[in-house]
Amino acid sequence: MTDLRYAPPAALVADVHDSRLTPQSVRRACQLFIASTLLGFVGLTEPFELPDLPRGGVIGAVAAGVVLISLMIGLLLKVYRGRNWARWTMLALLAPSWVFEALALPEQILQAPVEAAVGIAASALDILVCWLLFFGRGASGYFRQAGSTSSQAGEA
């Protein structure tokens, strides 16, 4: 007869980072954020027309754009992985754009109605993203659980 007291546990004890653990509302919010960002790029009327800048200015503007896009992708990945600080940071970055969009909307409708409609659609998607992240089914519990450490998870 063998002594089974020293056998490895039968339960899975490794940390599981699987997309199936991410709530549907968080996955949908990430997809909608990508759609609103792409819609914002479509709304640019003259994307490649730069003012008369020296060569270093153009390179700097392109580098700043690449850095900004990289930071937003990184933030989106952190939101997808359930980091609560990333969810609040996304809200803090998106909310001022809604205010500025609302303030510039009457003038923009008169000058460029198509771009205004695209901007309204992108802002509506951003508002829906934040709604899903903060009020979507399972989102609040997911962010509370995902932010806990492994030592805190075993104490409950």
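Every number in this text was worked out from the coordinates using simple rules, so none of it is lab data. A quick note: this is a predicted structure, and the numbers were derived from the prediction, not measured. Don't worry about glycine lacking a Cβ; one is built from the backbone with ideal geometry, like all the others, and counts go over all protein chains shown.
Starting at the first residue of the stretch 91-102, write each ³J(HN,Hα) from the Karplus equation 6.51 cos²θ - 1.76 cosθ + 1.60 with θ = phi - 60°, in whole Hz, x for Gly and Pro.
5, 5, 7, 8, 4, x, 5, 5, 5, 5, 5, 5
For ALA35 and ASN84, calculate 0.36 nm times their separation in residues minus their Cα-Cα distance, and state this gained length in nm to one decimal.
Extra length available between ALA35 and ASN84 comes to 15.5 nm.
Between VAL66 and GLU115, what FRET efficiency comes out of the Förster formula 1/(1 + (r/R0)^6) with R0 = 25 Å and r the beta carbon distance, rounded to 0.05?
Efficiency, from the Cβ-Cβ distance: 0.60.
Convert each backbone phi in the stretch 67-73 into a coupling constant with the Karplus relation 6.51 cos²θ - 1.76 cosθ + 1.60 (shift: θ = phi - 60°), then list the ³J(HN,Hα) values in order as whole Hz, x for Gly and Pro.
Couplings: 5, 4, 5, 5, 5, 5, 5 Hz.
Once phi is turned into θ = phi - 60°, what whole-Hz ³J(HN,Hα) does the Karplus curve with 6.51, -1.76 and 1.60 give for every residue of the stretch 31-37, x standing for Gly and Pro?
For the stretch 31-37, the Karplus-derived couplings read 5, 5, 5, 5, 5, 5, 5 Hz, x marking Gly and Pro.
How many nm is it between the label spots at GLU107 and ILE127, if each spot is 7 Å from the Cα in line with the beta carbon?
With each label point 7 Å from Cα toward Cβ, the separation is 2.2 nm.
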